[in-house]
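Inspection log for the structure reproduced underneath, given as structure tokens.
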Amino acid sequence: MSVRSRTPTSADAVPAAPELRDAVDPRGLRLAAALTALVLAVVLLTGSGWLLGAQAVVFALGVVDRSPYGWLFRRLVRPRLGPPAELEDARPPRFAQGVGLAFALAGVVGFLLGSEVLALTATAAALAAAFLNAAFGVCLGCELYLVIRRAFHRDAGHERTATPQTNTHPHSNQEVSL
Amino acid sequence: MPVPGLVALVGALAAACLVALWLRRAPRRLQSAPSPSPRASDVELLGTSELGAELGERATLVQFSTAFCQPCRATRRILDDVARAVPGVAHIEVDAESHLELVRRLDIRRTPTVLVLDEAGRVVRRASGQPRKVDVLQALDAAVS
């Protein structure tokens, strides 16, 4: 590296390690997404509004961290695996469950009204998102979050979810484990 | 409704695969920012007032994040490492949601988006998505030279 500084400052702000207030095992999330995709695929193939309703309930439980799929993972799968290499922030997947819930409810309304187009489109959208997560580890709702917020822009200078952090490390040997 | 259902199923899976491909293909390299136009007014200039933190002496890595962003944590770690290893470089993380004005001005659509500022606060490189450490180091080299 050809970058050199002449005057290293020693006043080193305490590096704000991002504390994970609630963390989840990413493998549980992948399993939950796979089960969700499976259920939604069955909904499409059978045209069962009831099954979609059940999945909507699962989404709703996921929003409040009570997902039965998560419970299955902790009870049946997790004990057979080693500890996770890394935990993930629980907020993105929780948000995604909310997005899934919105689509599932739209689908249920479609089934109730007898609108095949609405029912199938909404279910297919939810399936696509769940499959993306299960197969590729991509959280579609999370990717779209900023775009959506930008579209409904009203500057929220006061409400901040994660305060900006500054980590200046001009000349420090301090090790921080995140 | 088995036939339309089957069509919807296949369509959903195909669409998901396309989205995954598109996201993978999205440039992770830090690209020269943003327009090659030499007009000085086109160059974005960022300072302490916008970012809420001091710029680095030689260069600054600005990371836009949101609470619902999975790769932001890994990106933060990479940039922290770089800021620690390279003297005179600061890492500033900005919560995109509470700076929507700035997000619009800089046309930031994904998190994380990483901007590399030179010592004056000019945006010289940018990358959307999680950057690789080598690319960040390379971009820094370009920023301070």
Checklist outcome for this item: So for R0 = 30 Å, FRET eff. of B:Glu54-A:Leu38 from the Cβ-Cβ r, to 0.05, ends up at 0.05
Checklist outcome for this item: Note to self: with every protein chain in place and a 1.4 Å probe, the range B:29-144 gives an accessible area per residue in Å² of 38 Å²
Item to check | Equivalent ellipsoid, the range B:29-144 (semi-axes from 5 times Cα gyration tensor eigenvalues, Å) | outcome: 18, 17, 14
Checklist entry - Can you give the mean number of other chain Cβ atoms that lie within 10 Å of the Cβ atoms in peptide A:79-92? => result 2
Checklist outcome for this item: Of the accessible area of chain B, computed with a 1.4 Å probe and all protein chains kept, carbon and sulfur make up a percent value of 57 percent
Checklist outcome for this item: Between A:Glu116 and A:Ala102, the two model label points (7 Å from Cα along the beta-carbon direction) sit apart by a distance in nm of 2.8 nm
Checklist entry - Which value in deg cm²/dmol, rounded to the nearest 500, describes the helix-derived mean residue ellipticity at 222 nm for chain B, given -39,500 (n - 2.57) per DSSP H run of n ≥ 4 and division by the residue count? => result -13000 deg cm²/dmol
Next on the checklist: Between A:Val57 and B:Arg24, what is the label-point separation in nm under the 7 Å Cα-to-beta-carbon projection?
Outcome noted: 3.8 nm
Checklist entry - Residue-wise, which Karplus ³J(HN,Hα) couplings in Hz belong to the range A:72-88, taking 6.51 cos²θ - 1.76 cosθ + 1.60, θ = phi - 60°, and x for glycine or proline? => result 4, 4, 5, 6, 9, 9, 3, x, 8, 9, x, x, x, 5, 7, 9, 10
Checklist entry - In Å², rounded to the nearest 100, what is the total accessible surface buried by chains B and A against each other with a 1.4 Å probe? => result 5600 Å²
Item to check | Cα long-axis angle, helix B:72-85 against chain B (0 to 90 degrees, to the nearest 10) | outcome: 20 degrees
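The values are calculated or read from the model by the stated rules, or taken from the named source; none is laboratory data. No experiment lies behind these values; they were computed from the predicted model shown. Note: ideal-geometry Cβ built from the backbone for every residue, glycine included; neighbour counts use all protein chains shown. Accessible surface is based on the protein model in full, side chains and every heavy atom, while ligands, DNA and RNA are left aside. Shrake-Rupley method; radii C 1.70, N 1.55, O 1.52, S 1.80 Å.
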